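Have a look at the structure below before the remarks.
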């Protein structure tokens, strides 16, 4: 058993210890489930009163007593009838027992606590090392909004106190970098009840960062042979029924609108519009490949409980593209996409990422032969490029396998990044064809791909990766001029004009506030360069330069400062 499996077993055992501790404090508790998760564990409880943060240390202390008792974990297999008697006072456990297909179930005991569980567990509670309960959340029973809301207690557990302390320190840093917190502090975006959950209003500074990213995206795509297109935000529902999206993703689609005795839905993806553009002309094999790219806004109904700032939303803009190619062009096109993805990741400062090959899911369309051909082509590309990868079984989309790239930010958190999908299915459903050199029609192969993901999630990732201190080329305000007194405002404004002419995004802080306060607020706004100007600076065409990290560069000629900033922008460092 590897170290991850060992940790998972210990964390699962910690969940049982937490349940035992909660039962000793709340004898009337009703138990849900308590699995191990990444870095820790949780357990769902139906309790006589709402838990408060001050309850966690009490539960944690009781857990440590149970761990110190070094109680052995023992398992037993019993028939379902006996299990129903044993858990007669536990309605959620009874439901789980009823749903089990086998005639027998496994239970685990430690001390006076018994739970329905397949295991495995450590030998005894004493093998559970460093742990801490972190927070309380609400969780619907079995994830169903129509079922009771339970109270979920989360905890973390590690093999040593040092590992736990390092983890907690990272969490403190993660809290500082949370894009929801920084998004508000830096005035980047907002979400309003009046508009709706999961729908983003971009403020000027957030919109500017997004525009810089999109401008780069467009330039790179045009230079690599993509054609920029735009498609409508709504379409007739029949389009999505033909594609299969209505059957496979109905729970995530907004309900239809009745217009002129026709049903329309807001689009959940851009691919079908690109298909129709392709089909608007007869295509020859000589026309291929055709690459259509669109920063297309799509809408998907995500449950309220999973919405999370910019990272999980209901309306988002995909940096989407679809490549229509012949079978003999497929590998070369996928290689081109991977290289573009690598360029984009490198440009935005991501050098740590994981590559996954996601294979056929349980619910899919098309033949198994078609799936094998598509999967083999993706795997061949990864091998030719010598990219290390792991198989992610069953995580492909319903119409084809995909390459998923997970970005790791500065704290090691994984984010969904570029994705590349090979699709033999939609070309058949929509009869997307080209005329071959034999004069006959043949189905194209489609490659669906994004190299950033969604603009919303990518901005969330960037904010947390850089802690809001964007590289100079991405910073919404690259330089701020701070006049010492009102009489220096005209000189400050002259600098603004000069810098803006050089393409440097520059503002002036003319407020009647103390200079030190202005400098401090500029640092909090993560502005890379602060130019303080007074009498000396105005008479020498210079400025006293400070950096957002607190460095005081001192007096520099304006031309020197402009060159410094322009070099940083150009290098994208």
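Key figures
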read-out: Flag for residue 550 being touching a strand residue (DSSP E or B) at 6+ places or on another chain (Cβ under 9 Å) and exposed (fewer than 12 other Cβ atoms within 10 Å of the Cβ); value: no
read-out: Qualifying positions in region 64-95 - part of a helix (DSSP H, G or I), within 23 Å of residue 142 (Cβ to Cβ) and in contact (Cβ under 8 Å) with a residue 24 or more places away in the chain; value: 80, 83, 86, 91, 92, 93
read-out: From the options 392, 376, residue that is free of Cβ contacts under 8 Å to residues at least 60 places away in the same chain and surrounded by 15 or more Cβ atoms within 10 Å (Cβ to Cβ); value: 392
read-out: Hits in region 108-159 - residues which are buried (at least 16 other Cβ atoms within 10 Å of the Cβ) and in a loop (DSSP other than H, G, I, E, B); value: 117, 121, 122, 128, 129
read-out: The listed residue being within 25 Å of the chain's Cα centre (by Cα) and not in a helix (DSSP H, G or I), out of 350, 324, 343; value: 350
read-out: Only one of 495, 482, 477 that is farther than 20 Å from residue 400 by Cα, free of Cβ contacts under 8 Å to residues at least 60 places away in the same chain and in contact with a strand residue (DSSP E or B) (Cβ under 6 Å, 6 or more places away or on another chain); value: 482
read-out: Unmet requirement for residue 268, which otherwise passes all of (1) assigned to a loop (DSSP other than H, G, I, E, B); (2) more than 23 Å from residue 366 (Cβ to Cβ); (3) touching a strand residue (DSSP E or B) at 6+ places or on another chain (Cβ under 9 Å); value: (2)
read-out: Qualifying positions in region 199-227 - out of contact with any strand residue (DSSP E or B) (no Cβ under 7 Å at 6 or more places or on another chain), surrounded by 14 or more Cβ atoms within 10 Å (Cβ to Cβ) and more than 30 Å from residue 339 (Cβ to Cβ); value: 205
read-out: Candidates 98, 61 - the one that is at pLDDT below 95 and either over 20 Å from residue 154 (Cα atoms) or part of a helix (DSSP H, G or I) (or both); value: 98
read-out: Segments classed as strands (runs of 3 or more DSSP E), wholly inside region 456-573, with at least 3 members that are over 24 Å from residue 189 (Cα atoms); value: 479-483, 529-533, 542-547, 552-557
read-out: Residues of region 354-372 that turn out to be in contact with a helix residue (DSSP H, G or I) (Cβ under 9 Å, 6 or more places away or on another chain) and surrounded by fewer than 17 Cβ atoms within 10 Å (Cβ to Cβ), as a count; value: 1
read-out: Sole residue being in contact with a helix residue (DSSP H, G or I) (Cβ under 8 Å, 6 or more places away or on another chain) and surrounded by fewer than 17 Cβ atoms within 10 Å (Cβ to Cβ), chosen from 255, 232, 289, 268; value: 232
read-out: Which numbered condition residue 190 fails, given (1) touching a strand residue (DSSP E or B) at 6+ places or on another chain (Cβ under 6 Å); (2) in the same structural domain as residue 459 (by TED's automatic domain parsing); (3) in a helix (DSSP H, G or I); value: (3)
read-out: Test: residue in region 292-307 that is at pLDDT 95 or above and not in a strand (DSSP E or B); value: no
read-out: Selection count, region 160-186, where residues are surrounded by 14 or more Cβ atoms within 10 Å (Cβ to Cβ), farther than 26 Å from residue 300 by Cβ and touching a helix residue (DSSP H, G or I) at 6+ places or on another chain (Cβ under 9 Å); value: 3
read-out: Residue satisfying all of: in region 240-252; touching a strand residue (DSSP E or B) at 6+ places or on another chain (Cβ under 9 Å) and in contact (Cβ under 8 Å) with a residue 12 or more places away in the chain; surrounded by the fewest Cβ atoms within 10 Å (Cβ to Cβ) among these; value: 248
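This table checks each residue for (1) in the same structural domain as residue 166 (by TED's automatic domain parsing); (2) over 30 Å from residue 166 (Cβ atoms); (3) surrounded by 22 or more Cβ atoms within 10 Å (Cβ to Cβ).
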| position | (1), (2), (3) |
| --- | --- |
| 412 | no, no, no |
| 415 | no, no, no |
| 426 | no, yes, yes |
| 436 | no, yes, no |
| 446 | no, yes, yes |
| 461 | no, no, yes |
| 496 | no, yes, no |
| 501 | no, yes, no |
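The values are calculated or read from the model by the stated rules, or taken from the named source; none is laboratory data. Model, not experiment: these values are computed from the prediction. For neighbour counting, all protein chains shown are included, and Cβ atoms are generated from backbone atoms with ideal geometry for every residue, glycine included.
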